[in-house]
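Following: one structure in structure tokens, then a few remarks.
Just so it is clear, none of the values below were taken in a lab; they were calculated from the coordinates. Keep in mind that what you see is a predicted model, and the values were worked out from it rather than measured. So basically every Cβ, Gly included, is an ideal-geometry build from the backbone, and we count neighbours across all protein chains shown.
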Ligand SMILES: Cc1cc2nc3c(=O)[nH]c(=O)nc-3n(C[C@H](O)[C@H](O)[C@H](O)COP(=O)(O)OP(=O)(O)OC[C@H]3O[C@@H](n4cnc5c(N)ncnc54)[C@H](O)[C@@H]3O)c2cc1C
Ligand SMILES: Cc1cc2nc3c(=O)[nH]c(=O)nc-3n(C[C@H](O)[C@H](O)[C@H](O)COP(=O)(O)O)c2cc1C
Ligand code: FES
């Protein structure tokens, strides 16, 4: 007997809740030598913009206790190269491929959504309104509920029948306010959370460890923050939530589902070992069997009162 | 043959300090059995993560392949921080996850007079380079070091190549003399092939000299890496067109004219 790990999300069916997080799994094929991409619940690719972006100066990554800082600055090949050279190599018929979008203003977001909505093989659009590493737009969109709502609306209008996921920032006083605004703006799914802003310095060289000075903190260090955000958002909105932040085991996956998440994304843990997401997806059914969980719908959001 | 890229859980066979007295200089040979890795080109590297890392540090660590045969993988590691300190204290039987060979190795031209320029622990990939080179009489080595020569795999290398020269930098005042030696060597091999590995300032010097003498030279970069497989875009270097290229997949070995190297990394 094996547990049923499948998950239903608006407009898509995932064979398991283990997806990969944007920016931590390249464009997918980089990890193909380490496992069967078809074994994943979904793949969210590196953030795409209309035109290719160079990204920030180096050094752009630094290690921190149980985590890391990054200030990649959304270096990417641009949406056209993605659609022509990267997407066709992915097993999109078997595994949902989610495009993560970044743009500098609402018009550009809408234009990008227009291009991607026409693309066969893209299962959903994940709108990044929470990147801490870019000057224009980025996190500012995700910190103001009104702006987040407007942006979601603009994307939704051009997204055709593709589900729109909105990725929230933890760098706010009230994540629930932004979550509600995104849902009112038409978000089908909320992804929770992007990185926390952080910093690291070297007392000898007296320099910051990132050229950009400030970066986004990720990895096991942020898991309690992510879990709290997912729990709060799940309590407040009825849209499905995808949990992300510091997940590195099947046990972690169940923690997020217990507080209400529909699915999860594995981010920094993919760097710990490139077969990490595959291993977690493989281990999940056995862990569910061990705990007597037959399917995820029964287990989701069953956290006992404190 | 092994599958290129797949993660292997390997067992450490031995951790052997190099140098005069029991490991005081922090250089070690790490040996793994039955790696099951695909054959490597010298200059390629592996990512290494001992089971005891747990959640901290989060990143694995990259190391050049010092020697890879069907039944042995040898790494040459200098303990210089929290990850390498842990690695060099492992004992036989400990489990370590390894993946590779990764990246692009050095170009190997049997008929071209070739000089290996190594700085410190940057000598590691040249053990494999010399061992797999079909015309060792065409190989020379110039090695700059700060610790005693016996800390490094220098004598093994000098036995197989036609010429080997070591330069000890005892104080920072010796640096100009080393640069002079490099200059002489690059000028001499301007019509041949130069392959270099070592600290960034050393590679910057090699690149500058290669440009000056119009020499064909490759350098192996040691940029900070999180994933090693092209997934994070953290390890980048600026190419000649000013675009960022990934050191882990497009390097770590580059022709110097492909890059516009700067001090930061
Ligand atoms: C392709 C490649 C091949 C390498 N081959 C070898 C090898 O054969 N033998 C060997 O001993 N070392 C090699 N290195 C360097 C080795 O990876 C670093 O020394 C190691 O990652 C440092 O880890 P740590 O935890 O001990 O240091 P940390 O505690 O993380 O940092 C200590 C110091 O090391 C520096 N450092 C951190 N990461 C790197 C890095 N990737 N490269 C250089 N310095 C770094 C930090 O800036 C800091 O000053 C190689 C690096 C690369 C990228
Ligand atoms: C190197 C790196 C690059 C990232 N790039 C993106 C990106 O392009 N778009 C995005 O929405 N999130 C990006 N993120 C954020 C992750 O998708 C994820 O939300 C975050 O890292 C928290 O999860 P984790 O702790 O599991 O890594 C990036 C994270 C890292 C570490
Ligand atoms: S180390 Fe991650 S892309 Fe090179």
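Reported count of residues in the stretch B:48-72, each being in contact with a strand residue (DSSP E or B) (Cβ under 8 Å, 6 or more places away or on another chain) and within 14 Å of chain A (Cβ to nearest Cβ), is 10.
Yes or no, residue by residue, for (1) within 18 Å of residue A:98 (Cβ to Cβ); (2) within 13 Å of another protein chain (Cβ to nearest Cβ); (3) buried (at least 21 other Cβ atoms within 10 Å of the Cβ):
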site: A:236; (1), (2), (3): no, no, no
site: A:246; (1), (2), (3): no, yes, yes
site: A:256; (1), (2), (3): yes, no, yes
site: A:259; (1), (2), (3): no, no, yes
site: A:262; (1), (2), (3): yes, no, yes
site: A:267; (1), (2), (3): yes, yes, yes
site: A:291; (1), (2), (3): no, no, no
site: A:295; (1), (2), (3): no, no, no
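If only residues of the stretch A:54-67 that are outside any loop (DSSP other than H, G, I, E, B) and within 7 Å of chain B (Cβ to nearest Cβ) are counted, the one that is farthest from the chain's Cα centre (by Cα) is A:63. Scanning the stretch B:61-85 for residues that are more than 8 Å from ligand 1 (Cβ to nearest atom) and either surrounded by fewer than 21 Cβ atoms within 10 Å (Cβ to Cβ) or farther than 22 Å from residue B:196 by Cβ (or both) gives B:69, B:70, B:71, B:72, B:73. With the requirement that a residue be buried (at least 22 other Cβ atoms within 10 Å of the Cβ), touching a helix residue (DSSP H, G or I) at 6+ places or on another chain (Cβ under 6 Å) and more than 9 Å from every other protein chain (Cβ to nearest Cβ), what does the stretch B:216-265 give you? The answer is B:217, B:219, B:256.
Condition check: buried (at least 18 other Cβ atoms within 10 Å of the Cβ), in contact with a strand residue (DSSP E or B) (Cβ under 6 Å, 6 or more places away or on another chain) and either touching a residue at least 60 places away in the same chain (Cβ under 8 Å) or within 14 Å of chain A (Cβ to nearest Cβ) (or both). Does residue B:206 satisfy that? Yes; evaluated as a whole, the condition is true for this residue.
Could you grab me the full set of residues in the stretch B:59-72 that are part of a strand (DSSP E or B) and either within 16 Å of ligand 3 (Cβ to nearest atom) or farther than 21 Å from residue B:249 by Cα (or both)? Answer for the stretch B:59-72, where residues must be part of a strand (DSSP E or B) and either within 16 Å of ligand 3 (Cβ to nearest atom) or farther than 21 Å from residue B:249 by Cα (or both): B:61, B:62, B:63, B:64, B:69, B:72.
Only residues that are out of contact with any helix residue (DSSP H, G or I) (no Cβ under 6 Å at 6 or more places or on another chain), under 20 Å from residue A:195 (Cβ atoms) and more than 16 Å from ligand 3 (Cβ to nearest atom) were counted in the stretch A:43-56, giving 3. For beta carbons closer than 6 Å, sequence separation of 6+ or different chains, a first residue in the stretch B:76-89 that is more than 21 Å from residue B:150 (Cβ to Cβ) and a second that is in a loop (DSSP other than H, G, I, E, B) and near ligand 1 (Cβ under 8 Å from one of its atoms), the qualifying pairs are B:83/B:57; B:85/B:79. Set side by side, the residues A:181, A:187, A:221 differ, and just one is more than 15 Å from ligand 2 (Cβ to nearest atom), buried (at least 20 other Cβ atoms within 10 Å of the Cβ) and outside any strand (DSSP E or B), which is A:181. Scanning the stretch B:93-121 for residues that are touching a helix residue (DSSP H, G or I) at 6+ places or on another chain (Cβ under 9 Å) and in a loop (DSSP other than H, G, I, E, B) gives B:94, B:103, B:105, B:106, B:108, B:109, B:110, B:111, B:112, B:113.
The single condition from (1) facing another protein chain (nearest Cβ under 9 Å); (2) in contact with a helix residue (DSSP H, G or I) (Cβ under 9 Å, 6 or more places away or on another chain); (3) within 16 Å of ligand 3 (Cβ to nearest atom) that residue A:70 fails is (2). Going by what's in this entry, would residue A:91 be described as more than 16 Å from the chain's Cα centre (by Cα), over 19 Å from residue A:129 (Cα atoms) and away from every other protein chain (no Cβ under 14 Å)? In short, yes.
Please list, ordered by residue number, the strands (runs of 3 or more DSSP E) wholly in the stretch B:158-265 having 3 or more residues that are away from ligand 2 (no atom under 16 Å from the Cβ).
Hits in the stretch B:158-265: B:163-168, B:193-197, B:217-220, B:253-255.
Among residues of the stretch A:23-53 being facing chain B (nearest Cβ under 7 Å) and more than 22 Å from residue A:125 (Cα to Cα), the one that is surrounded by the fewest Cβ atoms within 10 Å (Cβ to Cβ) is A:33.
Checked against the criterion of being closer than 24 Å to residue B:41 by Cβ, away from ligand 3 (no atom under 16 Å from the Cβ), more than 11 Å from every other protein chain (Cβ to nearest Cβ) and buried (at least 22 other Cβ atoms within 10 Å of the Cβ), the stretch B:178-186 contains one or more residues that satisfy it. Checked across the stretch A:262-279, the condition of being under 22 Å from residue A:40 (Cα atoms), touching a helix residue (DSSP H, G or I) at 6+ places or on another chain (Cβ under 6 Å) and away from ligand 3 (no atom under 16 Å from the Cβ) holds for at least one residue.
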